1. How about the stretch 264-310: which of its residues are surrounded by 15 or more Cβ atoms within 10 Å (Cβ to Cβ), over 24 Å from Q217 (Cβ atoms) and either aromatic (F, W, Y) or within 25 Å of the chain's Cα centre (by Cα) (or both)?
2. Taking the condition of being surrounded by fewer than 12 Cβ atoms within 10 Å (Cβ to Cβ) and under 31 Å from the mean Cα position of the chain (by Cα), how many residues in the stretch 34-78 meet it?
3. Using the structure shown, decide if T145 is in contact with a helix residue (DSSP H, G or I) (Cβ under 8 Å, 6 or more places away or on another chain), of a type in the set (V, I, T) and part of a loop (DSSP other than H, G, I, E, B).
4. Checking the conditions here, which among I379, I397 is at pLDDT 80 or above, in contact with a His (Cβ under 8 Å, 6 or more places away or on another chain) and not small (G, A, S)?
5. Go through the stretch 401-460 and report how many residues are among the small types (G, A, S), modelled with pLDDT of 80 or more and surrounded by fewer than 17 Cβ atoms within 10 Å (Cβ to Cβ).
Amino acid sequence: MKTLLSLVLIALIVSVAGTSTAFADIKLDSLVNIAMQARSQVKIQLDNSPGASDEIKSLYEQGNSETDLLISAARSGNVNEAKQHFLAAMKIFKQVSVSLSEPQLATLQKAQVDPAVLTNYKNDINRTEKYVGMLKDLAAKNGFTIDFSKVDGLIQNARSSIAENDIQSVERIVGELKTALAELQNAIREQTIRQQNERAKAFANSYVAKIDTMLAQANQLGLSENDIAKLVKAKEDIASTNDPNQIIIKVKRYSINFSIVEPQNQIQRILAETSKLDAKLSELESNVDENIQPKFTAAKELVAQIKSQTSVDEATKLLRLLDSTVKEIENYIQSQSDQLATQTETASKPITKEEQKSSPSQEREQKETTKNQKSPSEISRFEARLAYVESHLDEDIKPKFDRAVPLFSKLKNQETASNADYLRTVRMLDLLLDQMERHIQSTQDSGDDAKTDQSKDKQSQDKSEKKRSSK
């Protein structure tokens, strides 16, 4: 028979609706599922009770309406409204179920014993045993200390009485089993509340400990008196609260409205931005020349200073200065690159007839230029440097290499029209090779110290040779 199942349903409704604290870990979809299951069970019970009064039917319709309102509130995410409709629906279904169960119990007491009745009892006992198994899993999962021996014993006694066709003993045991189930549910509910209280208190204590840490480091973190006062107020307010629900509310309120952003988090963000700027400096280093070198050195020193800072305000100031310095270096390198591109384009243009006309002094310069152009050492030097760069070619220096090759061909094939054109071409080729060699040296520094020393020696020798050739 379904009487015992209905009573278990009622007990479950009471355990859920009896306290608002039970909502702490229940999601809205869980409330909807519970309400819909209760509605379905009560509807089945109502359909199996043709003699039910209009008052009971009207009461059920009210519960049905509250369930629909619960579903609507859950879909819109309105937690408070959903809880209200859930509790109202559970209360109504409880009244309906109790009203319908009372006459059924009276009828059962008067019914004659037959095999069908015993079979129904047996099925009810089986369902109750499964429900008790669910409670055991719940208790084990949450670490609850619950004694299930009484319920287990009653279930076994009920099975024995059913096997002996002792209907009176079965009815008595069913009553005891209902009481034992209610006691189990109360025990689980009490331990659930106690566990929730302990978790809320631990949460509050951890938040207070965090505030204590910030107060202890107030000077190092650069907190103002106003910030310190807010921290103290938050600590006192949270520490003086014992209601777990109020603890959660207050912690969330301070988490949302508290104006202090944790300084440690600010420091971490500043360090992250500093790392990005430091990486950008590494990318720019291969294009740094003697004019911008002081700015580059100052930027690297700023990076080191920021990493050693504990004051948020001071670290923020240094970060702004570092950002400004990096942008200045970027702008300088970009302007040099643009200027070089313009010079390369100018050097590549053919000489006009007017430009080819020269005075006697210019003709003498041109003869000297021709002599320089025919110097094997100059051509060999550039050829060796180009070969060295080409052996270390990567995507960063390839554009410069592509601009340097035609300039070298121009010198090698003696295509410069004047001494000024020759010197301009040599200067641009030297500049491109210097930039590419610095990039190669920077790349080697990050991987192989021994190769770095060789690269520096090579670059030093080339520069010395260039100066001697210029002389």
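1. Listed by number, the residues that qualify are L277, D278, F296.
2. 2
3. Judged against the criteria, T145 is a match.
4. Numbers: I379 fails: in contact with a His (Cβ under 8 Å, 6 or more places away or on another chain).
Going through I379, I397 in turn, the sole match is I397.
5. Taking the stretch 401-460 as the starting set, the residues that turn out to be among the small types (G, A, S) are 404, 409, 417-418, 420, 442, 446-447, 450, 455, 460.
Going one step further and asking which of them are modelled with pLDDT of 80 or more, we end up with 404, 409.
Cutting the leftovers down to surrounded by fewer than 17 Cβ atoms within 10 Å (Cβ to Cβ) gives us 409.
Adding up the residues that qualify gives 1.
The values are calculated or read from the model by the stated rules, or taken from the named source; none is laboratory data. Computed from a predicted structure; not experimentally measured. Note that each Cβ is placed from the backbone with ideal geometry, even for glycine, and that neighbours are counted across all protein chains shown.
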